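Rule-based calculations on the coordinates, nothing more; no lab input. Just so it is clear, the model here is predicted, and its values are computed rather than measured. Ideal geometry is used to build each Cβ from the backbone, glycine not excepted, and the neighbour counts take in all protein chains shown.
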Amino acid sequence: DTGVSQDPRHKITKRGQNVTFRCDPISEHNRLYWYRQTLGQGPEFLTYFQNEAQLEKSRLLSDRFSAERPKGSFSTLEIQRTEQGDSAMYLCATLSGGHNNEQFFGPGTRLTVL
Amino acid sequence: AQKITQTQPGMFVQEKEAVTLDCTYDTSDQSYGLFWYKQPSSGEMIFLIYQGSYDEQNATEGRYSLNFQKARKSANLVISASQLGDSAMYFCAMREGEGTSYGKLTFGQGTILTVHP
């Protein structure tokens with residue numbers, strides 16, 4: 001499978017715990033995006049990487065959230081001290097360089113905070 | 001101010017008929033792109049169709065076409081010959097301008113489409 005992959009697909013955690021999600025992009029895609037989608041809503045932008053550089057962060061990304069993309073390959077999104085309001089689907093998408101217009105989305109990680 | 005507005009929370013259509021899903025947008029950029037994505041109950045986001053702000057012709061992809069009216073800032077999705085498998089959530093999204101935010105998408109609230117046999 002040469003698409004965007006995300007791991008894990010589902011995560012259930014207790015409030016206050018830390019969680020980390022991983023996104024593996026399509027290999028030649030240098031732009032990577034994280035979105036959060038709550039139930040019944042459209043995805044909301046969280047952060048964006050071009051290669052290893054994190055170029056933009058949304059105000060939605062509180063201090064408890066951190067994202068990395070070492071070596072410009074896979075990316076991780078960590079949430080510290082999770083809260084019930086963090087329960088959502090976390091989507092990763094990648095975009096190739098140049099003028100391709102399509103973002104390729106991964107299957108998402110569904111987080112449930114109890 | 002909301003940048004992407006989808007005013008139809010839910011739509012119903014009979015199998016084999018056409019349906020239009022509405023989308024209006026707001027931007028001051030001259031260069032932007034408009035997208036439609038389909039999200040089945042399984043959760044993955046499936047790209048359907050793209051329209052660039054400078055494209056003179058409406059985009060078409062198989063049974064999908066985008067009715068782009070730039071002056072009205074609308075980008076409605078038309079699905080012809082609906083199939084049962086078209087039942088899903090549909091999102092309109094916009095990519096604004098160039099620069100460091102290139103590629104970031106702003107999504108609407110979505111429209112749930114149900115196709116009846």
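Filter the stretch B:18-43 for residues that are assigned to a loop (DSSP other than H, G, I, E, B) and within 14 Å of chain A (Cβ to nearest Cβ) and give the result. Of everything in the stretch B:18-43, those that are assigned to a loop (DSSP other than H, G, I, E, B) and within 14 Å of chain A (Cβ to nearest Cβ) turn out to be B:Cys23, B:Ser31, B:Pro40, B:Ser41, B:Ser42, B:Gly43.
The residue that is surrounded by the most Cβ atoms within 10 Å (Cβ to Cβ), counting only those in the stretch B:69-86 that are out of contact with any Cys (no Cβ under 9 Å at 6 or more places or on another chain), closer than 14 Å to B:Gln51 by Cβ and of a type outside the set (Val, Ile, Thr), is B:Lys73. The set of residues in the stretch B:9-32 that are of a type in the set (S, T, N, Q) and over 12 Å from the mean Cα position of the chain (by Cα) comprises B:Gln14, B:Thr27, B:Ser28, B:Gln30, B:Ser31. Just to be sure, is B:Leu77 of a type outside the set (Val, Ile, Thr), away from chain A (no Cβ under 14 Å) and under 12 Å from the mean Cα position of the chain (by Cα)? It is true that B:Leu77 is of a type outside the set (Val, Ile, Thr), away from chain A (no Cβ under 14 Å) and under 12 Å from the mean Cα position of the chain (by Cα).
Of the residues contained in the stretch A:64-77, one or more are found to be away from every other protein chain (no Cβ under 11 Å), loosely packed, with under 14 Cβ neighbours inside 10 Å and over 14 Å from A:Asp24 (Cα atoms). For A:Ile12, the conditions (1) under 12 Å from the mean Cα position of the chain (by Cα); (2) more than 14 Å from chain B (Cβ to nearest Cβ); (3) among the aliphatic types (A, V, I, L, M) are fulfilled apart from (1).
Residues that are in a loop (DSSP other than H, G, I, E, B), of a type outside the set (Ser, Thr, Tyr) and within 14 Å of chain A (Cβ to nearest Cβ) within the stretch B:44-73 comprise B:Glu44, B:Met45, B:Asp55, B:Ala59, listed in sequence order.
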